[in-house]
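One structure is given here, and the rest of the page talks about it.
The numbers here are math on the coordinates, done by the rules we state, and not lab data. No experiment lies behind these values; they were computed from the predicted model shown. Neighbour counts are summed over all protein chains in view; Cβ atoms, including those assigned to glycine, are modelled from backbone coordinates with ideal geometry.
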Amino acid sequence: MLQAGMKMCGAPPVKARRVSGYPRHNRNFGLTSRICRVKDGAWCSSAEREVMLEPAPLLEIDDLRVYFKTDEGVARAVDGVGLRVDSGRCLGVVGESGCGKSVMGLSILGLVPAPPGFVAGGAVRFRGRDLLSLPNREMRRVRGREIAMVFQEPMTSLNPVLNIGDQIVEAVLAHQRRLRRREAWEMACEALASVGMASPEIRMASYPHHLSGGMKQRVMIAMALVARPALLIADEPTTALDVTIQAQILELLERLRAEMGLGVMLITHDLAVVAENTDDVVVMYAGKLAECAPTSRLFDNPVHPYTRGLLASIPPLDGSPGRLEAIPGMVPRPHEFPSGCRFKNRCRWAEAICDEEPVLAPIEEGHLVACHLVARPALTRRDAGQNRPCDTGAI
Ligand SMILES: Nc1ncnc2c1ncn2[C@@H]1O[C@H](COP(=O)(O)OP(=O)(O)O)[C@@H](O)[C@H]1O
Ligand code: SF4
Ligand SMILES: [Mg+2]
């Protein structure tokens with residue numbers, strides 16, 4: 001799934017470490033497994049490397065930086081993010097509002113408004129192709145046909161004066177121009193049926209205001225998937241929905257992912273959604289990655305103070321009583337990020353070393369954290385017993 005500040009391992013020699021008996025969550029997990037594999041501490045031969053390396057990822061983001069020029073200065077909304085999504089797997093991207101999740105998602109499809117936005121550096125590769133350098137015409141072909149996006153608010157994404165059928169047919173014909181309208185209509189009906197819409201033929205004649213929020217989101221998903229893309233970016237797809245409908249939409253995404261082998265990037269501020277629906281997760285804070293891990297591991301062993309703060313602020317699933325904690329303060333605005341660790345103004349464990357910027361470093365296979373307290377063992381073992389982020393048994 002992920003990385004940060006690390007180079008992908010396209011060119012030999014690749015240092016490799018054999019990983020055996022790895023649980024499901026880590027089977028295809030990320031860059032760490034791709035770049036760190038060391039076979040008995042030695043370089044491996046190219047043949048061995050071929051066997052040991054996982055298939056090429058669907059999407060790779062490497063050190064991506066997306067900034068905005070504003071009157072108040074340059075806003076570094078996404079500032080050095082690296083991650084990976086594989087076919088058939090779901091990567092959760094989680095963080096508070098304003099952390100850069102949507103800008104990161106939009107920049108994959110070249111949808112960041114420019115100006116004021118611009119890509120200041122990094123790479124976005126889809127099936128090995130660099131999306132950032134694609135001409136507009138080719139990028140339009142990628143959108144929808146290979147990578148689709150579903151947004152938070154379906155009402156603003158649907159055209160209120162066209163019926164549902166016409167809107168889905170338009171999406172079908174945009175990608176398959178040789179189809180006759182009748183065939184496109186049938187495909188649209190099938191797409192509606194596949195997202196669990198009852199009586200799809202009747203629904204085709206409905207207008208958006210006839211539909212509930214959940215139905216509208218199903219229509220958006222049907223439109224997104226009608227061209228059978230390989231990757232779906234779902235940006236807060238359930239935030240505007242009540243919990244029952246939210247569960248139905250997430251189940252639908254899970255089913256479509258299994259049936260179509262779809263890679264999914266699920267952007268959300270909701271850790272409960274991440275826990276239930278993703279294989280791997282990256283925690284974003286102030287335009288950077290704070291922590292990345294297979295989902296089960298992140299929840300079993302959250303290490304970064306920000307991740308721990310997020311988890312402490314949601315009610316426990318077992319219903320045990322106790323006061324919920326809030327992370328003090330707010331995410332800084334992107335042109336006002338503090339130097340050093342961007343979380344330091346809100347972190348109860350901050351100390352002098354935190355004026356230096358922490359790097360995202362592995363603490364165990366597939367689990368990376370950007371925090372000085374976990375990256376420096378001497379520091380972490382001092383003050384043991386005060387329930388600091390490092391006192392988790394992870395290191
Ligand atoms: N068009 C824009 N102009 C200036 N700043 C923007 C623009 N779009 C987003 N930003 C800023 O980028 C930061 C990240 O935004 P966003 O990705 O939407 O956050 P999230 O999705 O995590 O809530 C925010 O501080 C936001 O103000
Ligand atoms: S680097 Fe320092 S300020 Fe940042 S999260 Fe770690 S302890 Fe807190
Ligand atoms: Mg957002």
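Apply the a/c threshold of 1.5 to the C-alpha gyration tensor of region 172-217 and tell me whether it is rounded, prolate or oblate.
It comes out prolate by the Cα gyration axes.
From Cα pairs below 8 angstrom and at least 6 apart in sequence, can you work out the relative contact order of region 62-181, rounded to a whole percent?
23
Once you treat every alpha carbon in region 101-193 as an equal point and sum by Debye, what is log10 I(q)/I(0) at q = 0.23, 0.25 Å⁻¹?
-1.22, -1.30
Efficiency by 1/(1 + (r/R0)^6): what FRET value for Met260 and Leu179, r their Cβ-Cβ distance, R0 = 25 Å, to the nearest 0.05? Show your work: numbers first, answer last.
Numbers: r = 20 Å, r/R0 = 0.79.
Rounded to the nearest 0.05, the efficiency is 0.80.
Provide the packing ranking of 331-337, 176-182, 278-284, i.e. peptides ordered by the mean count of other C-beta atoms within 10 Å per residue, highest first.
Numbers: 331-337: 17.1, 176-182: 10.1, 278-284: 26.7.
Result, highest mean first: 278-284, 331-337, 176-182.
Along the Cα→Cβ direction, 7 angstrom out, place labels at Met139 and Glu186. What is the inter-label distance in nm?
3.7
Any aspartates and glutamates with Cα under 17 Å of the Lys216 Cα? List them, leaving off those in the same chain fewer than 8 positions away.
Leaving aside aspartates and glutamates fewer than 8 places away in the same chain, those within reach of Lys216 are Glu153, Asp166, Glu170, Glu190, Glu201, Asp235, Glu236, Asp242, Glu251.
I need the peptides 296-303, 85-92, 355-362 ranked by packing, meaning the mean over residues of other C-beta atoms within 10 angstrom, with the highest value on top.
Ranking the peptides 296-303, 85-92, 355-362 by packing returns 85-92, 296-303, 355-362.
For Glu251 and Ala326 in the same chain, what is the full-extension length gain: residue separation times 0.36 nm, less their Cα-Cα distance, in nm?
24.0 nm
Looking at the square roots a ≥ b ≥ c of the eigenvalues of the Cα gyration tensor of region 182-310, which shape do they give, rounded for a/c under 1.5, prolate if a/b is larger than b/c, or oblate?
The shape class here is prolate.
In whole percent, what relative contact order does region 177-234 give with Cα contacts below 8 Å and a gap of six or more residues?
It rounds to 37 percent for region 177-234.
Any idea which of Ser157, Ala184, Asn136 is furthest toward the positive side of the dipole for region 118-209, if Lys and Arg beta-carbons carry +1 and Asp and Glu beta-carbons -1?
Of the options given, the answer is Asn136.
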